[in-house]
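Input: a single structure, listed below in structure tokens.
The values are calculated or read from the model by the stated rules, or taken from the named source; none is laboratory data. Only a predicted model underlies this, so the values are computations on that prediction, with no experimental measurement involved. Cβ placement follows ideal geometry from the backbone for every residue including glycine, while neighbour counts extend to all protein chains displayed. We work out accessible area using only protein heavy atoms, side chains counted, and drop any ligands, DNA or RNA first. Shrake-Rupley method; radii C 1.70, N 1.55, O 1.52, S 1.80 Å.
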Amino acid sequence: MSASSSAPLRVALLGCGVVGSSVARLLVEHSGDLAARIGAPFELVGIAVRRLGRDRSDVPVDPSLFTTDAAALVSRADIVVEVIGGIEPTRDLLLSAMASGASVVSANKALLAEDGPTLYAASDRHGVDLYYEAAVAGAIPILRPIRDSLAGDRITKVIGIVNGTTNFVLDKMDSTGAGFAETVEVAQSLGYAEADPTADVEGFDAAAKAAILASLAFHTRVDIHQVHREGITEVTAADIAAADEMGAVVKLLAICERVSRPEGEAVSVRVHPAMIPRTHPLGSVRDAFNAVFVEADAAGELMFYGRGAGGDPTASAILGDVVEVARHRVNGGRGAGESAYADLPVLPMGAASTRYHISLDVADRPGVLAAVAATFAEHDVSIETVRQRPGAPGESGDDEAAGATLVVVTHRAPDAALSATVEALGALDTVREVVSVMRVEGE
Ligand SMILES: NC(=O)c1ccc[n+]([C@@H]2O[C@H](COP(=O)([O-])OP(=O)(O)OC[C@H]3O[C@@H](n4cnc5c(N)ncnc54)[C@H](O)[C@@H]3O)[C@@H](O)[C@H]2O)c1
Ligand SMILES: N[C@@H](CCO)C(=O)O
Ligand code: NA
């Protein structure tokens with residue numbers, strides 16, 4: 001579809017919160033440059049909000065543009081920018097926008113990870129674009145590099161820090177030695193963590209992003225329910241200290257891996273905290289920054305780094321998508337549709353190949369090391385390193401009850417075998433406490 005040279009492209013904005021107000025302001029402030037880059041004028045025809053009458057003086061638009069009738073607004077737009085979030089009524093609004101011929105730009109990771117195929121099917125049916133660069137890692141260009149720039153390569157792994165709130169919390173735990181609960185309170189007081197931080201700290205936000213990354217990287221449908229998810233609420237100061245002793249840090253990682261098996265390729269998609277060496281590119285990602293590390297056969301290793309959240313950074317990604325879909329309107333053609341031809345199976349977590357770092361508080365007496373080693377062997381888990389150092393004294397405080405700390409790092413093994421090993425270790429009467437268990441990534 002080509003825009004006529006006289007009629008400006010009509011842009012509708014759905015939502016005027018943190019991201020929406022930045023999008024509106026930047027659309028207005030940069031309208032001349034954006035029009036020049038698109039090759040056609042455009043017009044902001046309306047902004048759907050939940051309630052009228054709020055003070056929106058920070059959004060430099062004609063107040064008459066605000067409307068509570070999102071459904072009517074989408075029917076008179078060429079491009080609909082969605083920054084409401086959530087599943088409904090957003091999905092219905094986007095489907096009706098596409099049905100009336102509008103291309104869609106969205107930041108909505110939750111909806112894309114829940115039901116991306118339905119949106120893609122609608123975009124195909126109606127010959128319109130569906131772009132969502134802002135949905136993963138905010139300002140960082142990562143989806144279009146995977147979908148377009150690397151379309152000729154074979155991606156084997158995508159591993160990223162894709163949630164700024166949890167990275168901020170883990171980074172502060174690392175630098176202060178404080179525990180999880182008090183660090184979240186600090187993050188909330190500084191405005192990094194929301195009053196209800198569940199979506200971030202329990203890993204739901206990162207899991208949605210992992211599903212989107214895996215779908216694009218492996219040409220396979222992966223939805224959020226297929227992503228193994230562990231958050232950071234159980235990460236302790238002891239875990240952080242154990243990582244530090246190894247020259248590592250704990251990060252909440254979204255990991256998407258192509259897995260070769262005798263019976264054919266599969267993918268593993270998971271979100272969990274893991275130790276990663278400080279020397280790894282992801283190990284040096286501080287504060288609320290995001291980063292995504294991609295490995296591809298021909299390209300080798302690629303690193304993408306930047307701001308994953310915030311009004312203006314997220315709006316940057318959205319405006320990039322707006323310009324791209326607007327260019328398609330002007331010049332004809334469309335961006336890539338859904339690519340799910342590979343249709344690889346998604347492995348359960350137990351079949352993922354992981355490494356564990358395990359710290360044990362053990363009784364310091366003959367045979368303990370042998371019993372621990374035998375437990376690993378029984379589960380067919382190979383030990384990479386084991387270190388022992390004197391531990392805390394026993395409850396009685398005498399030498400007899402003195403303990404030792406055993407730190408074991410394993411080779412890669414099926415995650416199910418590793419977790420069964422930890423359970424069996426905990427049941428040994430010579431193991432007084434399993435102090436810390438953490439997966440290890442990025443060797
Ligand atoms: N905030 C970020 O840093 C960030 C980063 C990347 C992606 N995102 C995504 O961008 C989207 C918006 O996030 P946000 O932080 O701006 O949220 P927000 O809560 O600040 O804004 C959402 C706005 O939508 C409005 N809204 C709700 N229902 C509506 C409806 N039916 N019609 C019109 N307006 C309605 C709300 O009143 C609110 O003002 C979400 O999908 C989010 O996941 C946000
Ligand atoms: N809440 C997210 C930002 C939006 O994806 C984060 O902390 O990274
Ligand atoms: Na992005």
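For the chain, the longest principal axis of the Cα atoms and the long axis of helix 90-99 meet at an angle of about 40 degrees.
Considering only ILE155, ILE87, ILE240, the Gaussian network model of the chain with Cα springs below 10 Å gives its largest mean-square fluctuation to ILE87. Cross-link partners of LYS172 among lysines, defined as those whose alpha carbon lies under 27 angstrom from its own and excluding same-chain residues fewer than eight positions apart: LYS109, LYS209, LYS251. Highest mean packing first, where packing is the average number of other Cβ atoms within 10 Å per residue, the peptides 43-49, 420-426, 57-63, 340-346 line up as 43-49, 420-426, 340-346, 57-63.
Multiply the residue gap between VAL18 and SER284 by 0.36 nm, knock off their C-alpha separation, and tell me the result in nm, one decimal place.
Details: separation 266, 0.36 × 266 = 95.76 nm, distance 2.78 nm.
That pair, VAL18 and SER284, stretches by 93.0 nm at full extension.
For the chain, carbon and sulfur atoms together expose 51% of the accessible surface, with a 1.4 angstrom probe and every protein chain in place.
Hey, can you rank 202-210, 371-379 by average C-beta count inside 10 Å, highest first? Walk me through the intermediate numbers first.
Values: 202-210: 26.7, 371-379: 17.0.
The densest-packed peptide leads the list: 202-210, 371-379.
For the chain, the solvent-accessible area works out to 42 Å² per residue, with a probe of 1.4 Å and every protein chain left in place. Its DSSP H runs of at least 4 residues, each contributing -39,500 (n - 2.57), put the calculated 222 nm mean residue ellipticity of the chain at -10500 deg cm²/dmol, to the nearest 500. Enter the angle in degrees (range 0 to 90, nearest 10) between the Cα long axis of helix 311-331 and the first principal axis of the Cα atoms of the chain, meaning the one along which they spread out most. With rounding to tens, the tilt is 50 degrees. Between the alpha-carbon centers of the range 273-320 and the range 329-387, tell me the distance in whole angstrom. Going from one Cα centre to the other spans 22 Å. Taken along the Cα-to-beta-carbon direction at a fixed 7 Å, the label points for SER75 and HIS126 span 1.2 nm. Structure remark: mean-square fluctuation, Gaussian network model of the chain, C-alpha springs under 10 Å; the largest value among ALA370, ALA122, ALA242 belongs to ALA370.
Compare ASP115, ASP312, ASP69 in a GNM of the chain, Cα atoms joined below 10 Å, and give the one with the largest fluctuation. So, out of ASP115, ASP312, ASP69, the one fluctuating most is ASP69.
Taking 0.36 nm per intervening residue step and subtracting the Cα-Cα distance, what contour gain separates GLU234 from ASP343 on full extension? The partial results should precede the final answer.
Values: separation 109, 0.36 × 109 = 39.24 nm, distance 3.40 nm.
Roughly 35.8 nm would be gained on extension.
The slack in the chain from ASP148 to THR176, taken as 0.36 nm per residue of separation less the alpha-carbon distance, amounts to 6.0 nm.
To the nearest 10, the accessible area of HIS228 is 50 Å² with a 1.4 Å probe. Ordering VAL362, ILE276, TYR305 by the projection of their Cα atoms onto the charge dipole of the chain, which places +1 on the Cβ of Lys and Arg and -1 on the Cβ of Asp and Glu, puts TYR305 at the extreme positive end. Taking the C-alpha atoms only, the angle from helix 18-29 to the longest principal axis of the chain is near 40 degrees. Count Lys and Arg as plus one, Asp and Glu as minus one, and take only other residues whose Cβ is under 13 Å from that of GLU88; the net charge is then -3.
What number comes out for the charge environment of LEU150, summing +1 per Lys or Arg and -1 per Asp or Glu over other residues with Cβ under 15 Å away? Present the calculation step by step, with values, prior to reporting the outcome.
Working: positive: ARG144, ARG147, ARG154, LYS157, ARG258; negative: GLU133, ASP148, ASP153, GLU295, ASP297, GLU301.
That sum, taken over residues with Cβ under 15 Å, equals -1.
Rounded if a/c is under 1.5, else prolate if a/b beats b/c, else oblate: with a ≥ b ≥ c from the C-alpha gyration tensor eigenvalues square-rooted, which is the range 143-307? It comes out prolate by the Cα gyration axes.
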